[in-house]
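Quick notes on the structure that follows.
The values are calculated or read from the model by the stated rules, or taken from the named source; none is laboratory data. Keep in mind that what you see is a predicted model, and the values were worked out from it rather than measured. Don't worry about glycine lacking a Cβ; one is built from the backbone with ideal geometry, like all the others, and counts go over all protein chains shown. With ligands, DNA and RNA removed, areas are computed over all heavy atoms of the protein, side chains included. Shrake-Rupley method; radii C 1.70, N 1.55, O 1.52, S 1.80 Å.
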Amino acid sequence: MAQPIRLEIPPRDACSELQTRLQNAPLQHAEALLAGYDLLQGLHDRGVLDLLRGGLGSSDKVLNILVDAAKTPEAIIATRNLLILSKVVFTLEPELLENITQAVPDSLARAKEQKPLTLLQMFKKMCSQDTRRALSAMLGILESFGRSLGPVAAELTGRGR
């Protein structure tokens, strides 16, 4: 009859495996280690590490101050407003937002360079299709804003419409 072959696996020494990996790590990851050292040196030169060390030392105090500041009604309202404004910004087309960010400084620079427009020149600008399109959009926003103020104003004065 056949005899089973005994398989003896030597016990695994996790400590020696880790020691071997640690000895080989500087050779395998030399470029990453040098980049990490450069980053640490840059943070140290600018005082960021000292700031972080101080923050860790007084983390309980800093955390209490932040929590107390976040619990104020102003902070809660600001957070809510920021979330609502982020929804608006996220729904805008990137091209539209880019055009607006370019138009504002350009218009302000032109306003500084030129004499103010005459009433006739302003009327001509108001009659342009682009100006009417922008005014229509702004009037729609203002109308919606006014509609939202309607019930609030009635509640404040104690009268209905």
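Data for the structure
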| item | result |
| --- | --- |
| Evaluated at q = 0.12, 0.14, 0.24 Å⁻¹: base-10 log I(q)/I(0), Debye formula over Cα of segment 1-92 | -0.83, -0.91, -1.11 |
| Extension gain, GLU98 back to SER59 (0.36 nm per residue minus Cα-Cα distance, nm) | 10.0 nm |
| Part-to-part distance (alpha-carbon centres) for segment 4-29 and segment 110-127, which is given in Å | 81 |
| Positive-end extreme of charge dipole, the chain - chosen from ILE9, VAL88, GLY55 (charges on Cβ) | VAL88 |
| Segment 52-122: Cα Rg divided by the 2.2 N^0.38 Å rule of thumb | 1.99 |
| Pairs of alpha carbons in the chain whose separation is greater than 19 Å (percent) | 83 |
| Inter-label distance for ARG133 and GLN23, nm, one decimal - labels placed 7 Å from Cα along Cα-to-Cβ | 7.3 |
| Length added when fully stretched, ALA14-MET122, from 0.36 nm per residue minus Cα-Cα | 30.7 nm |
| Stretchable slack from ARG80 to LEU39, in nm (0.36 nm times residue separation minus alpha-carbon distance) | 11.1 nm |
| Heavy-atom accessible surface of the chain: percent carbon and sulfur, 1.4 Å | 65 |
| Most mobile listed residue (GLU93, GLU113, GLU17) in the chain, GNM with C-alpha springs under 10 Å | GLU17 |
| Cβ charges +1 (Lys, Arg) and -1 (Asp, Glu), total dipole of segment 11-161, debye | 1060 |
| Lysines whose Cα lies under 28 Å from that of LYS71, excluding same-chain neighbours fewer than 8 positions away | LYS61, LYS87 |
| Sequence-distant lysines (8 or more away, or on other chains) whose Cα lies within less than 26 Å of LYS125 | LYS112, LYS115 |
| Heavy-atom surface of the chain, accessible at 1.4 Å and reported per residue (Å²) | 96 |
